[in-house]
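Structure, as structure tokens:
No value in this document is a laboratory result; all are computed from the given coordinates. As the structure is a prediction and not an experimental result, all values here were calculated from the model. Using ideal geometry, Cβ is built from the backbone for each residue, glycine included, and neighbour counts are taken over all protein chains shown.
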Amino acid sequence: MKISILIPIFNFNVEELVRELKAQCEAAHDLKDFEILLFEDGSKEKFQNASLVSEKIIYKEFQENQGRSKIRNLLAQSSKFEALLFLDCDSRIDKKDFIKAYIQNFQEGSIVYGGRTYDSKEPSQEVYLRWKYGVEREIISADVRIQNPYKSFMTNNFLIDKKVFLDIGLDESLKGYGHEDTLLGIELKKQGIPIIHIDNPAVHIGLETKEDFLEKTKEGLKNLLDLHHQKKLGSGEVKILKYYTYFKFFPIKQLFQKYYQKKERSILEDLDSKEVNIRNFDLYKLNYLLSLKSS
């Protein structure tokens, strides 16, 4: 088996991640060959990522940001091996058999998703909301994910047959942050391509501040609503769309918005605290989604 490891980079130092992946690939007896492709996607901050270039590591820098979908499609198109391992740049690999686990579970014509995890130690206040959300909503064992395999999929850490990915690709019409993984999961389901779920997580270490996380959330919700109006996403595909579809009709929408206005101050204060209730974040998102007008 031969693997192309594909890492889109945006404002992050990937030295530790790449060195760990390279070491594991070199130690994997069942791996015939590998390459690591690093595409710097219009980063504003400069790190020493270019210094990682070697016989097995390819680095390319884009001056203009290509977007989350397009940069991943470009990585896949530039790869030379039959299995593609996509990883977010703000990941850390703690499992010493990370590569080996993927090799053992890969099947031609399929996709393997390893999951996501977070450090157990509580972080600083400024990134606490992102950490709390991740711990409560994104750490999901393979046994649970397999019960709803397509909705439990994210693009942070997965191995896919190159032919499958090139045939489907990621939707480049999406701008900003969010839901390219949702669309990919739906397309995989439509085509009957199996997702194999395993417990092989990457640690998400690139935690955004509360302010940045809320802005990214808003971007994602705009994408979600646009996809819904373009009929690329049905209301049953994403949980918050179910509530949106139900709540958007008068007078339910009006009643909810009045309720939110009364609670808004306490909700925003809660999002800024270390006793944050993630359900308040759900209310924040629903209120924002209902405030949007279709494009």
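Summary of computed values
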{"quantity": "For region 57-214, convex hull of alpha carbons as volume per residue, Å³", "calculated": "133"}
{"quantity": "Approximate spin-label separation Ile278-Lys216, in nm, with each point projected 7 Å along Cα-to-Cβ", "calculated": "1.5"}
{"quantity": "Ranked by how many other beta carbons lie within 10 Å on average, peptides 204-214, 67-77 from highest", "calculated": "67-77, 204-214"}
{"quantity": "Most mobile listed residue (Thr245, Thr217, Thr117) in the chain, GNM with C-alpha springs under 10 Å", "calculated": "Thr245"}
{"quantity": "Cα-centred dipole magnitude for region 2-209, charges only on beta-carbon of K, R (+1) and D, E (-1), debye, nearest 20", "calculated": "260"}
{"quantity": "Set Lys231/Lys253; Lys163/Lys210; Lys222/Lys263; Lys46/Lys210; Lys46/Lys189 screened for pairs whose C-alpha atoms are more than 28 Å apart", "calculated": "Lys163/Lys210; Lys46/Lys189"}
{"quantity": "Relative contact order, percent, region 234-291 [alpha-carbon distance under 8 Å, six or more residues apart]", "calculated": "34"}
{"quantity": "Rg ratio (alpha-carbon, reference 2.2 N^0.38 Å) - the chain", "calculated": "1.03"}
{"quantity": "By average C-beta atoms within 10 angstrom, highest first, the peptides 272-278, 284-290, 154-160, 7-13", "calculated": "154-160, 7-13, 284-290, 272-278"}
{"quantity": "Arg130, Arg137, Arg92, Arg116 arranged by Cβ crowding within 10 Å, fewest neighbours leading", "calculated": "Arg137, Arg92, Arg116, Arg130"}
